[in-house]
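For reference, the structure discussed in these notes is given below.
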Amino acid sequence: MLQHLRSGWAAAMAPPASLLLRLGVTPDVVTWTGTALTVAVAVVFLPLGWLWQAALLLTLLVMSDGLDGQMARMSGRPTRWGAFLDSTLDRVADGAVLGGVALHLALADRPWSAGLALWALVAAQVTSYVKARAESVGLVTTAGLGSRAERLVLVLLALLLEGVGVPRALDVGVLLLALLTTVTVVQRVRAVHRSAAPDVGGSA
C-alpha cells in the first residue's frame, strides 16, 4: 500500500521539482534544507510539547522527502553522491525526530516511554546499518516489517493523536515502534545469515 502511495506522490512531485530546477536550485540544496528543517522542528517543537503542530510540519517534510531524487532524475544527472547524501541525512533526520520524542517524554516525567523511544532510535539506526553493510559485502537482506516509511507513519500518527488529546497515544506509539524496529533488526540479520550460509564463521 505504501509503495502505491509512494508512486503516486512521486508523480505529484514532478511540477515543484521542475520549477526548482528552472530556478537553479540543485537537488543537494533541497536535501540539506529538508534535513535542517526536520531537525529544527524536532528539537524545538517536540520538547516544548507542540506535538500536533510538529506532526503536521514533519508530515509535510516527509512527503517532500523524494523531491531531491525527483529533481536529480528530471535533470538527467542522478549521482551516487546524491543517493549517499540523501540516505545519510535521512538517518540524521530520523534520529532527531526520535531524539525529540524521547526528550519530550523525559521532560513530561515518562521515563519508561523515553527509554523506549531511545531504544527505537538505536534499533532504527541498526536496521539501516544492517541493510547497508550487507549490501556492501554482496549479501542479501529483506525489508522486514518496519521500513523507514512504516516507522515514520507510526511515530507521526502517535504524535498527532497525543497532540489532539488522545491520552498516552505517544507511550503506545513508542512501545509499538520499539517492538517493530527490534523485530525488523532480527528479520534482517536472519536474512543476511541465510544469505551468508556458505561462509558463516568468517571474522567481523
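The values are calculated or read from the model by the stated rules, or taken from the named source; none is laboratory data. Since the model is a prediction, treat every value here as computed from it, not as a measurement. Positions of Cβ are generated from backbone atoms using ideal geometry, with glycine treated the same way; all protein chains shown enter the neighbour counts.
Remarks
- Hits in segment 167-198 (condition: more than 13 Å from Ala124 (Cα to Cα), β-branched (Val, Ile, Thr) and modelled with pLDDT of 95 or more): Val172
- The number of residues in segment 76-87 that are surrounded by 13 or more Cβ atoms within 10 Å (Cβ to Cβ) and at pLDDT below 80 comes to 1.
- Residue list for segment 65-99, restricted to those being under 12 Å from Pro27 (Cα atoms), among the polar types (S, T, N, Q) and free of Cβ contacts under 8 Å to residues at least 60 places away in the same chain: Ser75, Thr79
- Going through (1) surrounded by 19 or more Cβ atoms within 10 Å (Cβ to Cβ); (2) among the charged types (D, E, K, R); (3) over 16 Å from Arg91 (Cβ atoms) one by one, Arg194 falls short only on (1).
- Restricting attention to segment 42-69 and to residues that are more than 17 Å from Ala169 (Cα to Cα) and among the polar types (S, T, N, Q), the residue that is surrounded by the most Cβ atoms within 10 Å (Cβ to Cβ) turns out to be Ser64.
- Taken together, the criteria place Gly24 among residues that are part of a loop (DSSP other than H, G, I, E, B) and over 30 Å from Ala108 (Cβ atoms).
- Pairing each residue of segment 18-37 that is touching a residue at least 40 places away in the same chain (Cβ under 8 Å) with any residue that is among the β-branched types (Val, Ile, Thr), provided the two are 6+ apart or on different chains, yields C-beta distances under 7 Å for Leu20/Val30; Thr35/Val92.
- So Thr31, is it on the phi < 0 side of the Ramachandran plot, surrounded by fewer than 18 Cβ atoms within 10 Å (Cβ to Cβ), under 18 Å from the mean Cα position of the chain (by Cα) and assigned to a helix (DSSP H, G or I): no
- Residue in segment 103-112 that is closer than 15 Å to Trp32 by Cα and surrounded by 20 or more Cβ atoms within 10 Å (Cβ to Cβ) present: no
- Selection count where residues are part of a loop (DSSP other than H, G, I, E, B) and either under 13 Å from Leu159 (Cβ atoms) or at pLDDT 90 or above (or both), scope segment 42-75: 5
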